[in-house]
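Have a look at the structure below, then the notes.
The values are calculated or read from the model by the stated rules, or taken from the named source; none is laboratory data. Keep in mind that what you see is a predicted model, and the values were worked out from it rather than measured. Cβ sites come from the backbone with ideal geometry, for glycine too, and all protein chains shown count toward neighbours. For the accessible areas, the whole protein counts, side chains as well, though only heavy atoms, and no ligand, DNA or RNA atoms are used. Shrake-Rupley method; radii C 1.70, N 1.55, O 1.52, S 1.80 Å.
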Amino acid sequence: MPLSPEQEAEIEAQRAERAETRRATVPALEEILYQPLPALDHGFVRVVDYMGDDGAVVQAARVSYGRGTRRVSEDQGLINYLMRHRHTTPFEMCEIKYHVKLPIFVARQWIRHRTANVNEYSARYSILDKEFYLPAPEHLAVQSQANRQGRGAVLGAEAAARVLALLRQDAEQCYAHYVEMLNEDEDGNAIDPARDGLARELARMNLPLNVYTQWYWKIDLHNLLHFLSLRADPHAQYEIRAYAEAMLATVERWVPMTYAAFADYRLGGAQLSAKGLAVVRRMLAGETVGQESSGLSKREWRELMAVLGREG
Ligand SMILES: Cc1cc2nc3c(=O)[nH]c(=O)nc-3n(C[C@H](O)[C@H](O)[C@H](O)COP(=O)(O)OP(=O)(O)OC[C@H]3O[C@@H](n4cnc5c(N)ncnc54)[C@H](O)[C@@H]3O)c2cc1C
């Protein structure tokens, strides 16, 4: 349960508010504004604010006095051109702010993206909730042999049950010790008035990485797309990808033309090295090319064949 009834009521109250504005708004994004989109077992991502739309990208690219938009097909063509040729600054004219609830180990990957503005929930100031991420059994897998950073086949039922039991047990025990050290209940009252509790900033240090934290995360559209190109990619860890996929859906609502260009040129596209391109040219000329004669390493060859959808 990611939200308490009080939190849900706060969101509903905010959703009920209306403000008159001259600024561009996007009805499809307004529809889900403030609403949490679930990710993992207790997490969510929700849009709490945004600035600009596809029109703002076009307006900046044309350095226009008004909205700068023309026919839909012309605007889409311009956005495609900007995306294709990495003319990035017009996309920086749009901003979006998310509220994210995520396990600490996911936050450690996420925070590597330095181009956002972040404000995290303070575990020096507040007590962290008793919520920790436990993967669904289908996400418990063995170490991949092919990719040192990935996972392979799903664990058998017995092994998965044992792993889940250990994860749950460790998290429960660490959280119980956290509360014991704090000597505070969730309302800040002493559990045992006869003894001192440890400061929150110290008691938190034994909490495991699967405990949930929260932050507000604000970023411009260009850097958001960079984040999503890395974190919605199949090479990214499943847990951060779960958030990236929810965020992709918000981008599609917010800036549908930019999303279409991004899906085409980045998510669905591929980048070729000079050697890779030479292989494709030789194949198109009817030559049978093998890895040995390609000038590519075995790994590069496998990756190129995967991009081309061919057997290695
Ligand atoms: C699949 C995967 C595996 C990874 N594995 C590891 C790992 O094993 N170990 C590890 O430490 N990290 C790892 N990372 C993190 C990765 O190396 C990057 O730190 C992370 O993806 C952020 O990328 P970024 O720097 O491009 O993004 P951002 O910080 O969002 O920056 C966006 C762009 O802005 C520019 N920029 C931002 N700040 C600076 C700066 N200070 N100087 C110069 N240019 C800047 C760069 O052009 C950068 O590409 C991994 C990431 C992925 C997606």
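Please state which one of 311, 252 is more than 16 Å from the ligand (Cβ to nearest atom), open to solvent by 60 Å² or more (accessible area, probe 1.4 Å) and in a loop (DSSP other than H, G, I, E, B). When all the criteria are applied, what remains is 311.
Residue count for the stretch 236-280 under the criterion of being more than 25 Å from residue 150 (Cα to Cα) and of a type in the set (Asp, Glu): the result is 2. Quick check: anything in the stretch 128-151 more than 17 Å from residue 100 (Cα to Cα), within 14 Å of the ligand (Cβ to nearest atom), in contact with a Ser or Thr (Cβ under 9 Å, 6 or more places away or on another chain) and open to solvent by 60 Å² or more (accessible area, probe 1.4 Å)? Yes: one or more hits. Selection of first residues in the stretch 212-227 that are under 17 Å from residue 44 (Cβ atoms) and of second residues that are in a strand (DSSP E or B) and open to solvent by less than 10 Å² (accessible area, probe 1.4 Å), restricted to Cβ pairs under 6 Å at least 6 apart or on distinct chains, gives the following pairs, ordered by first then second residue: 212/101; 212/103; 214/101; 215/100; 217/98; 217/100. Residues that are within 20 Å of residue 208 (Cβ to Cβ) and outside any helix (DSSP H, G or I) within the stretch 144-174 comprise 151, 155, listed in sequence order. For the stretch 4-46, filtering for residues that are closer than 24 Å to residue 57 by Cβ and basic (Lys, Arg) leaves 3. When the residues of the stretch 95-127 are filtered to those that are more than 13 Å from residue 215 (Cβ to Cβ) and within 16 Å of the ligand (Cβ to nearest atom), the one that is least open to solvent (accessible area, probe 1.4 Å) is 96.
For (1) within 16 Å of residue 113 (Cβ to Cβ); (2) open to solvent by less than 60 Å² (accessible area, probe 1.4 Å); (3) within 16 Å of the ligand (Cβ to nearest atom), each residue gets a yes or a no:
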{"site": "189", "(1), (2), (3)": "no, no, no"}
{"site": "203", "(1), (2), (3)": "no, yes, no"}
{"site": "210", "(1), (2), (3)": "no, yes, no"}
{"site": "218", "(1), (2), (3)": "yes, no, yes"}
{"site": "222", "(1), (2), (3)": "yes, yes, yes"}
{"site": "239", "(1), (2), (3)": "yes, yes, yes"}
{"site": "243", "(1), (2), (3)": "yes, yes, yes"}
{"site": "247", "(1), (2), (3)": "yes, yes, yes"}
